[in-house]
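Q: This is the structure I have questions about; it appears just below.
Each value in this text was obtained by applying a stated rule to the coordinates, not by laboratory testing. None of the values given here were measured: they were computed from a predicted structure. Methodologically, a virtual Cβ is constructed for each residue, glycine included, from the backbone with ideal geometry; neighbour enumeration extends over all protein chains shown.
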Amino acid sequence: MTAADAISQPALWPLTAILFIPAVVAAFLSLPIIPKAREEAIRWITLATTAVVFVLSLWMAWPQLFGAVGPAQFTIGEAGMQGIVKQPWIPAFNIEYLLGVDGVSMPLVLLTTFLTLLVIPVVYAVLDRKTYPQHGDAVVPAEAPAAG
């Protein structure tokens, strides 16, 4: 990819970043560079990564929130695919790297990144518990009224 490709396709970096930042960070964290004993650092890196991806998707979906509107951002009311990225990947087989968002997929991207940001702390809270619910265990609130 050349600099001219990046200029002609301004959505290349945000869509690609939303897609690949979590994968690159997960690959980095799986390497033995950070010892397992540094679990707290791994948790904060994971949470920071999901926050960055959420803010990036929010920047694409709601450009007015951040000020200036750019060509890589989503325009509400515009029909069709937006932010299309099309790059040849394996030319011998005519395989392309193709990304884009439309009026249905942009809210879903935003929802996915938001839910991921919410779920990460919950997962860590569950992992910190000493006992885990087993299959078939009834979950009963502490103040459940007695039957009868």
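Q: Using θ = phi - 60° and the Karplus relation 6.51 cos²θ - 1.76 cosθ + 1.60, list the HN-Hα couplings for segment 51-65 in order, rounded to whole Hz, with x at every Gly or Pro.
A: Values, residue by residue: 5, 4, 5, 5, 5, 5, 5, 5, 4, 6, 7, 10, x, 5, 5 Hz.
Q: So between LEU47 and GLN64, what do we pick up on full extension, going 0.36 nm a residue minus the alpha carbon distance?
A: Length difference between fully extended and current span is 3.6 nm.
Q: Something else about it: Take the Cα atoms of segment 3-128, find their three principal axes, and give me the spread along each one in whole Å, biggest first.
A: 47, 39, 23
Q: Residue by residue through segment 31-45, which ³J(HN,Hα) values in whole Hz follow from phi under the Karplus form 6.51 cos²θ - 1.76 cosθ + 1.60 (θ = phi - 60°), with glycine and proline marked x?
A: For segment 31-45, the Karplus-derived couplings read 6, x, 6, 9, x, 4, 5, 8, 4, 5, 5, 4, 5, 5, 5 Hz, x marking Gly and Pro.
Q: Quick one: if you stick a label point 7 Å off each Cα along the C-beta vector at ARG129 and ASP102, how many nm between them?
A: 4.1 nm
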